[in-house]
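The values are calculated or read from the model by the stated rules, or taken from the named source; none is laboratory data. Every value quoted in this text rests on a predicted model; they were computed, and no experiment measured them. Virtual Cβ from ideal backbone geometry, glycine too; neighbours counted across all protein chains shown. All accessible areas refer to the heavy atoms of the entire protein, side chains included, with ligands and DNA or RNA removed. Shrake-Rupley method; radii C 1.70, N 1.55, O 1.52, S 1.80 Å.
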Amino acid sequence: QVQLVESGGGLVQPGGSLRLSCAASGSIFSANVMGWYRQAPGKQRELVASITRGGTTNYADSVKGRFTISRDNAKNTVFLQMNSLKPEDTADYYCKVEFAYIGYWGQGTQVTVSS
């Protein structure tokens with residue numbers, strides 16, 4: 001079983017930056033996909049960005065050009081660099097790791113973009 005712990009959330013002004021980290025308790029080397037999702041109050045959880053084992057990335061249209069996902073297999077960690085943050089980016093952000101037959105979610109970290 002893999003446990004995921006997100007960190008790096010907080011309060012930031014519009015236009016600011018945050019870097020989220022998702023640390024896994026076990027190896028993520030064999031994970032097929034790692035992703036960041038977010039859920040704003042009253043809305044469904046949505047995919048923000050994902051990265052495959054081969055390094056292929058995918059982004060929601062709303063964050064393209066502003067967010068960057070990366071993974072460090074040696075440190076069992078996936079990152080989400082968020083730049084040019086907007087109030088509409090405010091949400092709880094969750095990390096997910098998908099293996100061949102099972103996936104794991106983290107507990108989430110809150111991001112608030114407000115002046």
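Values for this structure:
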| quantity | calculated |
| --- | --- |
| Long-range Cα-Cα pairs in the chain (distance over 17 Å), rounded percent | 49 |
| Total charge dipole magnitude, the chain, about the Cα centre, Cβ charges on Lys, Arg, Asp, Glu only, Debye to nearest 20 | 140 |
| Average accessible surface area per residue within the chain, 1.4 Å rolling probe, Å² | 54 |
| Cross-link partners of K96 among aspartates and glutamates (Cα-Cα below 16 Å; sequence separation of 8 or more within a chain) | E6, E46, D72 |
| Mean separation of Cα contacts under 8 Å, 6 or more apart, over the residue count of the chain: relative contact order % | 37 |
| DSSP-assigned coil residues among chymotrypsin sites (Phe, Trp or Tyr not before Pro) in the range 41-115, each with at most 10 further Cβ atoms within 10 Å | Y101 |
| Hz values of 3J(HN,Hα) by residue in the range 90-105 - Karplus curve (6.51, -1.76, 1.60), Gly and Pro given as x | 4, 4, 8, 10, 10, 9, 9, 10, 10, 9, 4, 10, 7, x, 10, 10 |
| Positive-end extreme of charge dipole, the chain - chosen from T68, Q1, V111 (charges on Cβ) | T68 |
| Portion, in percent, of the accessible area of the range 31-115 that falls on carbon or sulfur, probe 1.4 Å | 44 |
